[in-house]
Each structure stands twice: as C-alpha cells, then as structure tokens.
Amino acid sequence: MRRFAGKTVVVTGGNKGIGHAIAKRFGEEGANLVIASVEEQVHAAAEELRATGAKVLPVLCDVSDSAAVKRLYAAARSEFGAIDVSVQNAGIITIAKIEDLTEADWDQTLAVNTKGVFLCCQEAIRHMRQSGTGGRLISTASGQARQGFIYTPHYAASKFGVVGITQSLAKEVATDGITVNAICPGIIETDMWAYNDRVWGQMLGQYGPGELMAEWVRNIPMQRPGKGTDVAGLVAFLASDDAAYITGQTINVDGGLIMS
Ligand code: NDP
C-alpha cells in the first residue's frame, strides 16, 4: 500500500524504537519523513530510512523546548510543504521508589512526555490550519495512561496527561479537518523496555535479564511482547483515510494486556 504518497509526516523520537518503526512504515507507504530526536544518531537513522525510498529530513530537536519545536515544524513545512501527519512519540521514563524520585525526575518526565506532546500538537495545528489541508495528530501515550504501574507515578501522570491533551484538542480542531488521537502501547521490545526490565526487575525481586518481561508477557492474552511494527500499523491506520471519522480516541495496542 502507498496510502501516504507525497504526504509529509513528522515523527518525534523517529530515530529508534517505536518511532523508527512508525517512520519506516510511513516511508514504505510513500511519505516524506521528518524525524526528530536529541541524539546525533538521528542522521544515521535518516540514512537507514532513505532505504525505503523516502525523502527524509533529520532534525535535532528537544521536544520540551518550544523554540526548537517551532523550528522543527517550520523546517518540515519549508522542506516538504503542508504537514499532513504529526506523530508525537518522543518519551522518557525513570523508575524509582517514591522516596527516591526527585523533583527533576518529575519535571523532566512531564516536560518531555506531556509538554513535548502539547508543544508539537500546537505547532502542527498552527501549520495545518495555515495550509488549510487538514491533518492527523497521533500521540504515543502508554498502558500507563490507563493504569499507573508501581514506582512510576510521574510517568503515569505524564501519559494520562497525553489523553487529556488529545481529547481537548480533538474538540477544538474537529471542524478544521484535523483528527487527534492517542495510542497506548503495552510491552514493546525497545531500549526503553530493556531499561524497564532491568530496573523494575531489580526493584521487584531478583529477576535476571529478560525474566521480569517474560513474567509480564505471560499476562498478555496474545502471549508475546509487541514490536514497533505492531504499533506502526495502528498509527498508519489512524493517519489513513479509513480513520477519517475517528477523533479524540485513545487506543490500546498491547496484545490484550489492558482491556479498558
Ligand atoms: P526509546 O527509548 O527506544 O526511544 C525514545 C525516543 O524518544 C528516542 O528517539 C529519543 O531520542 C526520543 N526522545 C527522548 N527525549 C526526547 C526529547 N527531549 N526530545 C526529542 N526526542 C526525545 O523508547 P520507545 O521507542 O520504547 O518509546 C517511544 C514512545 O513509546 C515513548 O513515548 C514511550 O513512553 C512510549 N511507550 C513505550 C512502551 C514500550 O514498551 N517500549 C510502552 C508504552 C509507551 P534520542 O535517542 O535522541 O534520545
């Protein structure tokens, strides 16, 4: 399928993990890609994504920095024209007992996961309204936007916030031809989950590498962890014409782990 031929798609955190899989899927379906991250590795990731045949603009951008976010969307528009799809995917996590969580943990997690989503949605909407072509906003929340897990109250708060932003903006831009949705991945094999496995594993018991993840996967009805491609399929659907009448929704992609 080439549902996004010639469309401009921005993916934050597009250099690795879930974001990279999302960008690759859009590239394979014909989109022009703008990928953003804080590490220089974004350039190597762009090179890799060009193998899909896509044109790719890598941009160094900290999504918690409003000036950098403005530059990101301006660069996307000037390189490829109207922005059709914006995927707010960049995110971070730390795990610690309540006594050990610092104010900096709270501030940084909310700054990237929540304010970052807000700033990117704000800029994307500004550009989509200016070009008058409508658009699709899709933000990566988490199973932790449904249910808080242990030792991560700051992360849970940050992801519940993404759902609130999604619902509020969906109502505000509904008549502009812009849909706004969020997704909740479950356990997806990425560097982030490797960190979760190691740190939660040490804190919850004497789990060796991969053992905690294996135990949690046994609670997934489909009995396997997710892949970036599982998430990318949902994002591509939400960005497609088939999802034209879906807005303000938060959709789980987790093999059935959470059913609410
Ligand atoms: P990774 O750690 O593999 O990737 C995180 C991405 O976010 C990287 O591209 C990173 O860029 C980028 N990023 C982090 N901070 C910033 C910032 N300040 N500005 C711009 N980019 C930033 O994680 P995942 O791929 O697993 O996670 C992607 C999203 O999915 C996150 O929002 C996460 O919370 C969410 N999620 C993941 C789940 C999982 O099981 N893996 C489950 C539920 C939700 P860089 O490499 O340059 O630092």
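The values are calculated or read from the model by the stated rules, or taken from the named source; none is laboratory data. Computed from a predicted structure; not experimentally measured. Cβ coordinates were reconstructed from backbone atoms using ideal geometry, including for glycine residues, and neighbour counts include every protein chain displayed. Just the protein is used for accessible areas: all its heavy atoms, side chains included, with ligands, DNA and RNA removed. Shrake-Rupley method; radii C 1.70, N 1.55, O 1.52, S 1.80 Å.
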Taking only the Cα positions of the chain, the convex hull volume per residue in Å³ is 120 Å³
When the charge dipole of the chain is computed with +1 on Lys and Arg Cβ and -1 on Asp and Glu Cβ about the Cα centre, the Cα farthest towards its positive end, among Leu119, Pro185, Ala236, belongs to Ala236
In the neighbourhood of Asp176 defined by beta carbon distances under 14 Å, the net charge of the other residues (Lys, Arg +1; Asp, Glu -1) is +2
If amide H atoms are modeled at 1.01 Å from N in the peptide plane, then the residues at a separation of 5 or more from Gly135, or on another chain, having amide H under 5 Å from its own are Ile178, Thr179
Per the Cα gyration tensor, region 1-110 corresponds to an equivalent ellipsoid with semi-axes, largest first in Å, of 28, 15, 11
Helix 228-239 sits off the longest principal axis of the Cα atoms of the chain, rounded to the nearest 10 on a 0 to 90 degree scale, by 40 degrees
Computed about the Cα centre, the charge dipole of region 145-260 from +1 Lys/Arg and -1 Asp/Glu charges at the Cβ has a magnitude in debye, to the nearest 20, of 280 debye
Excluding ligands, DNA and RNA, the carbon-plus-sulfur percentage of the accessible area of the chain with a 1.4 Å probe reads 52 percent
For Lys55, the aspartates and glutamates lying under 16 Å Cα to Cα, once residues fewer than eight places off in the same chain are dropped, come out as Glu28, Glu29, Glu47, Glu79, Asp84
Heavy-atom accessible area per residue of region 175-243, all protein chains kept, 1.4 Å probe, expressed in Å², is 48 Å²
Mean shadow area (nm²) of the C-alpha convex hull around region 207-260 is 4.7 nm²
Mean-square fluctuation maximum in Gaussian network of the chain, Cα pairs under 10 Å, restricted to Met222, Met213, Met192, hits Met222
Cross-link reach from Lys70 to lysines, straight Cα distance under 19 Å and at least 8 residues apart if same chain, gives Lys115
